[in-house]
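A.B. asks: Sharing a structure here in structure tokens format.
The values are calculated or read from the model by the stated rules, or taken from the named source; none is laboratory data. Just so it is clear, the model here is predicted, and its values are computed rather than measured. Glycine also receives a Cβ, built like all others from the backbone with ideal geometry; neighbour counts cover every protein chain displayed.
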Amino acid sequence: MKKDLLTFADWSKAELLSLLELAQQTKQNPSAYRKALDGKAVAALFEKPSLRTRVSFDIGINKLGGHMVYLDSQAGKLAGREDARDMGGNLACWADAIVARVYSHHTLVQMAEASKVPVINALCDLYHPCQALADFLTIKEVLGEVESCRLAYIGDGNNVSNSLLLVGAILGADVRVITPVGHEVKQEILEQAAALAQISGGKISASHDLSAADGCQFLYTDTWLSMGDTTPLAEIKDKFQPYQLNKTLMDSCGASYAMHCQPAHRDLEITSDLIDGECSLLLQQAENRMHAQNAILISLLG
Ligand code: CP
Ligand code: NVA
């Protein structure tokens, strides 16, 4: 039976730990994996722009001996041309996996139902699982393991916060989400993460209060306005400004590392000095996108 990666919520701790292990192996010993996807083709369908996800999948698949076909649904005029189920069913006729970045999670669910090959979520409105796996790979490289991780996500309750909560909860980490009022993580996601944390011994929490980040080694933020959100920045800026990731906040929490999935908006959600400073994990996170995704591809297709 094929397995999809839509959210990670249906993957076990053992499965995620073995993905992290495999990602580290592919990173340390790339020559051993040069034929891991020999003869395999991946169709990558993007409804939204991407730098990191698109390039890290394409180059990563190439390094494993496979081939990726990139489909830009907007420029290629594929958007709205046919039902997501028909796209999924057809792409699966030729491809060994489908990677898709979409507006609505429902599109991925429909594609996965119609596709006989694995569908991998490359970001949707609700989740960004490949990002979260790369982030916990980065944390594992820093700490040597993931269970002692205390991470505070500060900013908009969005796809990135949701996946950090779910993946962190499965892995047994302590993940705290701190948002302005009106930008909270959805209750269902918090409940789902809390249930997963109970199984793993992890901890999750949600708050509006920045002091909830005290004692975290990692402070993480993301854009205040996600792709597709047309709210004018001026409308939300004052509300988000106190949640900016900056040196004062890092010092007051005693945090050692700053994280951001990127694209980052310098001196809005995170200050330039943190992005470029010693505490920055941003480029390590970006590099690890490829290794984490390669592990996912090998495990689903290899
Ligand atoms: N972090 C991330 O997914 O970046 P892109 O939007 O550039 O792919
Ligand atoms: N939350 C952001 C993540 C970008 C990688 C967005 O959806 O635009």
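A.B. asks: Does residue 77 meet the test of being over 18 Å from residue 128 (Cβ atoms), basic (Lys, Arg), over 21 Å from the mean Cα position of the chain (by Cα) and surrounded by 17 or more Cβ atoms within 10 Å (Cβ to Cβ)?
C.D. replies: So residue 77 fails the test.
A.B. asks: Of the residues that sit in segment 2-33 and are surrounded by fewer than 17 Cβ atoms within 10 Å (Cβ to Cβ) and closer than 27 Å to residue 116 by Cβ, which one is farthest from ligand 2 (Cβ to nearest atom)?
C.D. replies: Among those residues, the one meeting the criterion is 14.
A.B. asks: From 185, 181, 109, which residue is within 13 Å of ligand 2 (Cβ to nearest atom) and surrounded by fewer than 24 Cβ atoms within 10 Å (Cβ to Cβ)?
C.D. replies: Values: 181 fails: within 13 Å of ligand 2 (Cβ to nearest atom); 109 fails: within 13 Å of ligand 2 (Cβ to nearest atom).
Matching residue, one of 185, 181, 109: 185.
A.B. asks: Looking only at residues in segment 255-291 that are hydroxyl-bearing (Ser, Thr, Tyr) and in contact (Cβ under 8 Å) with a residue 24 or more places away in the chain, which one is surrounded by the fewest Cβ atoms within 10 Å (Cβ to Cβ)? Working first, answer last.
C.D. replies: Of all residues in segment 255-291, those hydroxyl-bearing (Ser, Thr, Tyr) come to 256-257, 271-272, 280.
Okay, now just the ones that are also in contact (Cβ under 8 Å) with a residue 24 or more places away in the chain, so 256-257, 271.
Numbers: 256: 14, 257: 21, 271: 19.
Within segment 255-291, the match that is surrounded by the fewest Cβ atoms within 10 Å (Cβ to Cβ) is 256.
A.B. asks: If we only count helices (runs of 4 or more DSSP H) wholly inside segment 84-155, which ones have 2 or more residues that are of a type outside the set (Gly, Ala, Ser) and within 14 Å of ligand 1 (Cβ to nearest atom)? Talk me through it step by step, then tell me what you get.
C.D. replies: Numbers: elements: 84-94, 105-114, 129-143.
The qualifying helices (runs of 4 or more DSSP H) are 129-143.
A.B. asks: Which residues, counting only those in segment 209-244, are touching a strand residue (DSSP E or B) at 6+ places or on another chain (Cβ under 6 Å) and within 16 Å of ligand 1 (Cβ to nearest atom)?
C.D. replies: Selection gives 220, 221.
A.B. asks: If residue 17 satisfies every condition in (1) of a type in the set (A, V, I, L, M, F, W, C); (2) part of a loop (DSSP other than H, G, I, E, B); (3) touching a residue at least 12 places away in the same chain (Cβ under 8 Å) but one, which is the exception?
C.D. replies: Going through the list (1) of a type in the set (A, V, I, L, M, F, W, C); (2) part of a loop (DSSP other than H, G, I, E, B); (3) touching a residue at least 12 places away in the same chain (Cβ under 8 Å), residue 17 breaks only (2).
A.B. asks: Please verify whether residue 302 is more than 13 Å from ligand 1 (Cβ to nearest atom), surrounded by fewer than 17 Cβ atoms within 10 Å (Cβ to Cβ) and at pLDDT below 95, treating the condition exactly as stated.
C.D. replies: Values: more than 13 Å from ligand 1 (Cβ to nearest atom): yes; surrounded by fewer than 17 Cβ atoms within 10 Å (Cβ to Cβ): yes; at pLDDT below 95: yes.
So residue 302 passes the test.
A.B. asks: When you look at residue 59, is it outside any loop (DSSP other than H, G, I, E, B), surrounded by 19 or more Cβ atoms within 10 Å (Cβ to Cβ) and touching a residue at least 40 places away in the same chain (Cβ under 8 Å), yes or no? Break it down stepwise before answering.
C.D. replies: Numbers: outside any loop (DSSP other than H, G, I, E, B): yes; surrounded by 19 or more Cβ atoms within 10 Å (Cβ to Cβ): no; touching a residue at least 40 places away in the same chain (Cβ under 8 Å): yes.
No, not satisfied.
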